[in-house]
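No value in this document is a laboratory result; all are computed from the given coordinates. Not measured: the values here are computed from a predicted model. Methodologically, a virtual Cβ is constructed for each residue, glycine included, from the backbone with ideal geometry; neighbour enumeration extends over all protein chains shown.
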Amino acid sequence: MNPANVVRFRLHAQRISATTHTRPSEVVAWLGALQAQDYLGALWGVGLRLAGARESDIEAALAEGSIVRTWPLRGTLHFVAAADARWMIDLLGPRVVARAAGRLRALDIDDATLSRARRALERSLAGGTRLTRAAAYDVLERAKVSVAGQRGIHILWRLAHECFICFGPRQGKQQTFSLFEEWLPGAKRMPRDEALGELAHRYFCGHGPATVADFAWWSGLSVSDARHAVHLAKERLVEDTGDGVRHWSSGAASPSPAPRARGYLLPAFDEFVVAYADRSAAIERAHMVRVNAGGGILNPTIVVDGRIVGTWRRRLARRAVVFLPAPFAALAKAKTRAVEDALRRYAEFLGVDVSAHAWP
């Protein structure tokens, strides 16, 4: 299980190098969750794992409610399959909320505040109504619940962690909030051990080979709970200790080596980068500073043959995308062609042309 094999298997497991999925909800369910605080980037994160997908396909899945954007892992926004939202939040939310207790106290958000907010939002959202964040803040202010400073988003965040509200379909370019029970009536509940085992199975099938430390980082579970989860799922997983480090995966057949260089443009916070505590298999440590923009921000990355070789930005012009690559070093012609192939695929996803791109 050397680094070259680790990244080759991960690209395959993550359905980046090849996919059998045909619907956005299948991609998200396979991964368990897909980080999504960068909304537009996350749309591409789903799309690059589907054959021939367009951005509008992912937006349609969100609009119909087959996938949902909420805070299931680490207190951070993710896409999850609608059926999985409740059991994931039930399992992982309490630890996140407990860790945020000091911040909520500092903002003077107590049980009485949350109770007033809950009553006010329930009255306004009942019956399928959706509210933008600004409209939700107006409702809270009228109920004498201040949203000053960071109070508003922390109140909404806290209520989402009890499966009271979640994001609904977008209104133009604005996110909306809905009552969880109305928008996701089919969301399942699970006993704790069943949920732990299912989460471990999803993670290692969709991200493996990976370690328990990787899983604990991604899920936000304590290391002891992560170990217990792996124990519960181990009959459905395969263990590999060939390099002296215990990795777990689905045990799927080895992906065939690509006959030529393969390139991918990954969005900010993509699961191929963010889902592992140890990212050294995919990137030299000296280059992580270029990927990590500070404040927990992970830049979009250029990947060739499983290695992160640079970062990139885009600028949208009229019906075209301008590609602004920043490789860590000059790329050989074969690798440059691989990145240009990936750029064409990204432009097709957006439904635009490639206006211009220039290599530094």
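Before moving on, here are some points about what is shown:
- Whole-number percent relative contact order across segment 1-132, with pairs defined as alpha carbons under 8 Å at least 6 apart: 19
- Point-to-point label distance, residue 101-residue 324, nm (Cα→Cβ direction, 7 Å offset): 4.5
- Here's the picture: charge each Lys and Arg Cβ at +1 and each Asp and Glu Cβ at -1 in segment 205-360, and of 288, 221, 244 the one pushed furthest to the positive end of that dipole is 288.
- Whichever aspartates and glutamates have a C-alpha closer than 12 Å to that of residue 335, once near sequence neighbours (fewer than 8 apart) are set aside: 305
- Model label points for residue 337 and residue 174, set 7 angstrom from Cα along the Cα-to-Cβ axis, are 5.0 nm apart.
- Mean Cα-pair separation over length for segment 232-339, i.e. relative contact order, pairs under 8 Å, 6 or more apart, %: 23
- Residue order, fewest to most beta carbons within 10 Å, for 188, 335: 188, 335
- Net charge in the neighbourhood of residue 347 (other residues with Cβ under 14 Å of its Cβ; Lys, Arg +1, Asp, Glu -1) is +2.
- Counted by neighbouring Cβ atoms within 10 Å, the residues 231, 78, 287, 12 run from fewest to most as 231, 287, 12, 78.
- Its alpha carbons give segment 96-253 an Rg and a Dmax of 19.9, 62 Å.
- About its Cα centre, the chain has a charge dipole of approximately 840 debye under the convention of +1 per Lys or Arg Cβ and -1 per Asp or Glu Cβ, with nothing else charged.
- Only Cα pairs under 8 Å and 6+ residues apart enter the sum, and on that basis the relative contact order of the chain stands at 18 percent.
- Prolate/oblate/rounded label for segment 1-50 (Cα gyration tensor, a/c 1.5): prolate
- Once the Cα atoms are used to define both axes, helix 85-99 deviates from the longest principal axis of the chain by about 80 degrees.
- Comparing 143, 210, 112 in a Gaussian network model of the chain where C-alpha atoms under 10 Å apart are linked, the largest mean-square fluctuation is found at 112.
- Diffusion constant of the chain at 37 °C, which comes from Stokes-Einstein with the Kirkwood Cα-pair radius and 0.692 mPa s, µm²/s: 153
- Pairwise FRET efficiency - residue 290 versus residue 4, Cβ, R0 = 35 Å, nearest 0.05: 0.95
- Cβ-Cβ FRET estimate between residue 316 and residue 111, R0 fixed at 41 Å, reported to 0.05: 0.35
- For residue 63 and residue 280, a Förster radius of 41 Å and the Cβ-Cβ distance give a FRET efficiency of 0.55, rounded to the nearest 0.05.
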